[in-house]
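Just so it is clear, none of the values below were taken in a lab; they were calculated from the coordinates. Note that the structure is a prediction, hence the values are computed from the model and not measured. Don't worry about glycine lacking a Cβ; one is built from the backbone with ideal geometry, like all the others, and counts go over all protein chains shown.
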Amino acid sequence: MWSYIIRRLLLAIPTLFGVTVVVFLIMRVAPGDVAVLMLGGESGLVGTPEQLEKLREELGLNRPLYVQYFDWLFGILTLDFGKSFFYNADMADLLARKAPLSLQVGVMGLIIGSILGISGGVVAALKQDSFFDYLIRGLAILGISVPTFWSGMMLILIFVRTFDWIPQQGYTPLWEDPLGNLAQLIWPSLIIGLGFLMGVPLRMMRATMLEVMREDYIRTARAKGLRERVIIVRHAMRNALIPVLTLIGIFLPITVTGLVVTEQVFGLPGVGRMMVDAINQRDYPVVQLVVTLTGFAVVFANLGVDLLYGWLDPRIRY
Amino acid sequence: MAAQTEAVAEIIGGRVRRNILQRNWILWRRRPLGLLGLALVAFLILMAATAPLWEIIAANSASYTGSQPYKFALDGVAQLVPPSSEHWLGGDRYGRDLFTRIVFGAQISLYVGFAVALGAGAIAGVLGITSAYFGGWVDLLGQRLVDILQAFPGLILAMAIVAILQSFSIEVTIVAISIPALPAMIRVVRGQALSVTKTDYVLAGRTIGASHLRLIFRYIMPNSMAPWIIVVTGRLGSAITTEASLSFLGLGVPEPLPSWGGMLNANALDFAELAPHVIIFPGIALSMAVFGFNVFGDALRDVLDPRLRGR
């Protein structure tokens, strides 16, 4: 087991390294250079040569490419992310301010989605081909198909029309006003949770549950006279859950995508909103950092899934 | 398998619907949802194709006489008006006819969807098959790159590409969505091509001295087609969603082009109380399109890949 863990960890390092190289290259293949883009780009508002030179100096763009890269990489490794131009603040501080909100909404969405998805999948499988089965599956496909931002807007629309409620701008951290915080963030979390995060595990859970319920050991459990509840929860669900867990790996990118649009709809000042603002303000250091960190997060999530899988199912070794 | 390969071959020949339906009619008949999806997709294509016609009809019913194309025509009186006999789905915030714009929106969604799915699909097909066929360090390096690209959530990578290109157009949007779509497609094609490359008939082809090109085009490609079709169809819905998300964020198809996502951009909520139709109708169109492509793709996957049947 330990050698597996260590091997898997070592394998992740080149990927993480590759993520930084790819992001760095993408941000550098810009037509023209970043300094020109930041000072107005195509709009014709390009600054004077002196201004450009000054900005290049500040961004370190006049150094050789590899020096820039290693400098940036070293910064990331030491959590020194550099400065945002638009916000005029250290990016580490910015992240510390914005990340808790996004993390909270993301985690709450994940919990809502997983609970609904897994239980919905089990019910649909047990009542296969019944009205409930079709209803639940229909809801799952609907969740996958309806864009998150539109369901968010519809939720707000309904609330505005019936309760005269408008989403509160800004945000109070959980530790300052737990109730107020939850009352505000439960809606975006619900919207994220009811989309892909519910639909994908639901369909997977239903499929594996159907398979498992036909296994011999379920028949054995029945023959032993176990109660149906015990059979379903302890024998069937436990086994059916294993493949569903691998989905965690694809959950993270989906959640990040959901956060970007949902924060925009609900006016929440999180990391996704920061990324959109940064693109509009041509604040490239922020864009570069957010893309890198989401890449890292996904690599780590996949690593976690592999390790978890190896632990849950001892047959799996790479 | 033979019938399946034949059906696939005919899909490539271009006579898609009739032959799939005929040959796999028994399979399709048991998938009412898939047929519903097919109907929605057909409806969408029809809508996009007849958009100019509807523009004329809608312009007439509002007795529009201006010189601008009706889909762009601003009319102060029609600002945010609710649906009526003049403006069937009401007016948007600039007083443009929402019905006309939604009908034209189908063109944009379909264009982006098919361009991404087929464009990225073609590139992924070439890269996946060559990577599997030639193997060696090219394959190894390519697969590492695929791993790395797959670490980025699609929308985030697309946003970064838009940010760096700093121009907004349908074409930029297509490129921005296509690049993140590549890795998953390459993976599937490569996996299939890899197993085909190891079959006896490819070995036989090699023995009788078939060239690389012949082996790739006549032996490997036709037999790698089914998964390719599945991933390409599966990509249509997500490409349309991503386009809508980008346009919603103001980073995709620019105004005044009638993109469904753009119609829903965040400011649309400001008019929620006054004019809910501005939010409701583009969203319904968008959701129906994505739903149609998704359930059609699911059913097609079931029919083409018997191993996944019932999942």
Filtering the stretch A:121-139 down to residues that are within 14 Å of A:Ile232 (Cα to Cα) and not hydrophobic (A, V, I, L, M, F, W, C) yields A:Gly121, A:Lys127
Looking at the stretch A:296-313, is at least one residue within 26 Å of B:Gln166 (Cα to Cα), buried (at least 24 other Cβ atoms within 10 Å of the Cβ), facing chain B (nearest Cβ under 9 Å) and not β-branched (Val, Ile, Thr)? no
For A:Leu139, only one of the following conditions fails: (1) assigned to a helix (DSSP H, G or I); (2) farther than 21 Å from B:Ala299 by Cα. What is its number? (2)
Return the residues of the stretch A:273-291 that are touching a residue at least 60 places away in the same chain (Cβ under 8 Å), more than 13 Å from A:Gly82 (Cα to Cα) and either buried (at least 24 other Cβ atoms within 10 Å of the Cβ) or within 9 Å of chain B (Cβ to nearest Cβ) (or both); say none if nothing qualifies. A:Met274, A:Ala278, A:Arg282, A:Val291
Does B:Asn294 count as polar (S, T, N, Q) and either part of a loop (DSSP other than H, G, I, E, B) or under 20 Å from A:Gly138 (Cα atoms) (or both)? yes
Of all residues in the stretch A:156-210, which are farther than 15 Å from B:Leu269 by Cβ, under 18 Å from the mean Cα position of the chain (by Cα) and among the aromatic types (Phe, Trp, Tyr)? A:Phe196
Hey, can you tell me all the residues within the stretch B:157-168 that are touching a residue at least 24 places away in the same chain (Cβ under 8 Å), closer than 21 Å to A:Leu252 by Cβ and either at the interface with chain A (Cβ under 7 Å from one of its Cβ atoms) or in contact with a His (Cβ under 6 Å, 6 or more places away or on another chain) (or both)? B:Met159
Would you mind telling me which numbered condition in (1) part of a helix (DSSP H, G or I); (2) of a type outside the set (D, E, K, R); (3) closer than 22 Å to A:Trp150 by Cβ; (4) touching a Gly at 6+ places or on another chain (Cβ under 9 Å) A:Met204 fails? (3)
Failed condition for B:Arg101, given (1) crowded, with 21+ Cβ neighbours inside 10 Å; (2) in a loop (DSSP other than H, G, I, E, B); (3) of a type in the set (D, E, K, R): (2)
Just to check your reading of the model, which residue among B:Ser259, B:Ser245 is touching a residue at least 60 places away in the same chain (Cβ under 8 Å) and within 12 Å of chain A (Cβ to nearest Cβ)? B:Ser245
